[in-house]
Amino acid sequence: MKIIVQKFGGTSLKDKEIRGKAIQHIKKAREEGYHVVVVVSAMGRKGDPYATDTLLEWIKQNGNHLSDREKDLLLSCGEIISSATLTSMLNAQGIPAVALTGFQAGILTNDTFGQAQIISVNPQRILDELAKNKVVVVCGFQGGTAAGEITTLGRGGSDTTATALGVALKAEYVDIFTDVDGIMTADPRIVEDAAPLNWVTYTEICNLAYQGAKVIHPRAVEIAMQSQVPIRVRSTMSDDPGTLVTTLDKVREYQENLNERLITGIAYVPNLTQIKVLAKEHEYDLQLKVFKAMAENKISVDFINVNPMGVAYTVFNDVADQAISLIKEMEFEVQVEPHCAKVSIVGAGMAGVPGIMAQIVEALTQEDIQILQSADSHTTIWVLVKDEDMIRAVNALHRKFNLHKLNQQHHRREDNS
């Protein structure tokens, strides 16, 4: 059985017209010989009647006193409405369809309400329905516990549902339909010549997503990567194949004359505060005390540099005052740089290549942008800059590595397997 999983986000379901576009993608996949499993998010975004954020606001306006368990009961309704609506529209067009909740679709989770983790997926109910030539429309973002409680998977949960089902069903592709044409070399809202990417590796898109890119949730990519199920990030409004997410070896099967690139994309995270805690002579336990205090107060830390002189790290601006107060209570000397942004340069091709950091420094120096801190891994280099310099930094690095030219890549061969 040749199976494809298609996930449609909230903006791809927000009104009848665009739901019609989603149905065209479902029809086309069936015409190509696929059995289709559709994963849906709640319709629309905050302000729309059934969106997740709208339901959260509804709770605030009506007592604001629900347990996490009961919040999950309410929040699961958005996806149930989407699933039933799309199923009705498919049936009306002569396409047999059935709607399933996440739990009915076989998604078993732990009982961490609001941030549940998938324990296992039993796709037998889905396979039974596919065998009847039905489109199976599954509620994303949700599952259930062994005790029968409804749970939600947290932000990006519908992406996670789609790739988890793709793995369990041994799908040929998981298509993530959004309101953009695929994954870009940078955020097109701040980089005018950002280019669409024909392909990225699993590792690259995970790094881009963790560093601020919001096209697909990294947890979903990690699930697909474990079983090497290809993902395609596509636009609901277009028939363009979008961006293929897979291994580099698989990309070579799809593309002729593949030119491996050094840098794939630039991402950013604004609204950070840099904190430096300075160590006195023989104060070897400073690092432990600082990070233990942050952990005990549930303050997330990032961009960590540890050395004998002390520690440097970032927190989000909204918890900076609390973090600084904790350090001062321990009577450590602290230096603070508020209103910062982390800019990340991601590319699987940079590993082991000399001169990348020199080019980064050159690009930013030419724009009189100060680098406050830096760090690197084999596929990512991070620099911390002031918030006011963030947009110029992203654009300078995008130009330096000629990322606008990546849309001139060779076209992917049609996959006729």
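Need at least 3 residues that are touching a strand residue (DSSP E or B) at 6+ places or on another chain (Cβ under 7 Å) and closer than 11 Å to residue 274 by Cα per element, so show me which strands (runs of 3 or more DSSP E) inside segment 298-384 make the cut, counting only ones lying wholly within it.
So the answer is 302-307, 310-316, 333-346.
Which count do you get for residues in segment 194-252 that are of a type in the set (Val, Ile, Thr), under 13 Å from the mean Cα position of the chain (by Cα) and open to solvent by 10 Å² or more (accessible area, probe 1.4 Å)?
Within segment 194-252, residues that are of a type in the set (Val, Ile, Thr), under 13 Å from the mean Cα position of the chain (by Cα) and open to solvent by 10 Å² or more (accessible area, probe 1.4 Å) number 3.
Can you tell me which residue among 94, 106 is closer than 15 Å to residue 143 by Cβ and not charged (D, E, K, R)?
Among 94, 106, only 106 is closer than 15 Å to residue 143 by Cβ and not charged (D, E, K, R).
Checking residue 399 against (1) in a strand (DSSP E or B); (2) within 13 Å of residue 263 (Cβ to Cβ); (3) not β-branched (Val, Ile, Thr), only one condition comes out false. Which one?
(1)
Note down all Cβ pairs under 9 Å where the first residue falls in segment 16-35 and is closer than 13 Å to residue 173 by Cα and assigned to a helix (DSSP H, G or I), the second is open to solvent by 50 Å² or more (accessible area, probe 1.4 Å) and modelled with pLDDT under 95, and they're at least six residues apart or on different chains.
That search, which allows pairs on different chains as well, returns nothing.
From the list 278, 286, 326, pick out the single residue that is open to solvent by less than 10 Å² (accessible area, probe 1.4 Å), without any contact (Cβ under 8 Å) to a residue 60 or more places away in the chain and of a type outside the set (Val, Ile, Thr).
286
For segment 289-311, how many residues meet the condition of being at pLDDT below 95, open to solvent by less than 40 Å² (accessible area, probe 1.4 Å) and under 21 Å from residue 210 (Cα atoms)?
1
Can you tell me which residues in segment 159-193 are at positive phi and open to solvent by 10 Å² or more (accessible area, probe 1.4 Å)?
170
Would you check which residues across segment 224-248 are small (Gly, Ala, Ser), outside any loop (DSSP other than H, G, I, E, B) and either touching a residue at least 60 places away in the same chain (Cβ under 8 Å) or within 21 Å of residue 379 (Cβ to Cβ) (or both) and list them?
Residues satisfying the conditions are 224, 227.
Among the residues of segment 348-367, which ones are open to solvent by less than 60 Å² (accessible area, probe 1.4 Å) and on the phi > 0 side of the Ramachandran plot?
Correct list: 355 only.
I'm trying to understand the selection: among the residues of segment 159-188, which are part of a loop (DSSP other than H, G, I, E, B) and either modelled with pLDDT under 95 or under 17 Å from residue 206 (Cα atoms) (or both)?
If the condition is that a residue be part of a loop (DSSP other than H, G, I, E, B) and either modelled with pLDDT under 95 or under 17 Å from residue 206 (Cα atoms) (or both), then 179, 180, 181, 182, 183, 185, 186, 187, 188 are the ones that fit.
Could you tell me which numbered condition residue 385 fails, if it satisfies all but one of (1) modelled with pLDDT of 95 or more; (2) surrounded by fewer than 20 Cβ atoms within 10 Å (Cβ to Cβ)?
Single failed check for residue 385: (2).
The values are calculated or read from the model by the stated rules, or taken from the named source; none is laboratory data. Computed from a predicted structure; not experimentally measured. Because the Cβ atoms are built from the backbone with ideal geometry, glycine has one as well, and the counts that use them run over all protein chains shown. What goes into the accessible areas is simple: the full protein's heavy atoms, side chains included, and nothing from ligands, DNA or RNA. Shrake-Rupley method; radii C 1.70, N 1.55, O 1.52, S 1.80 Å.
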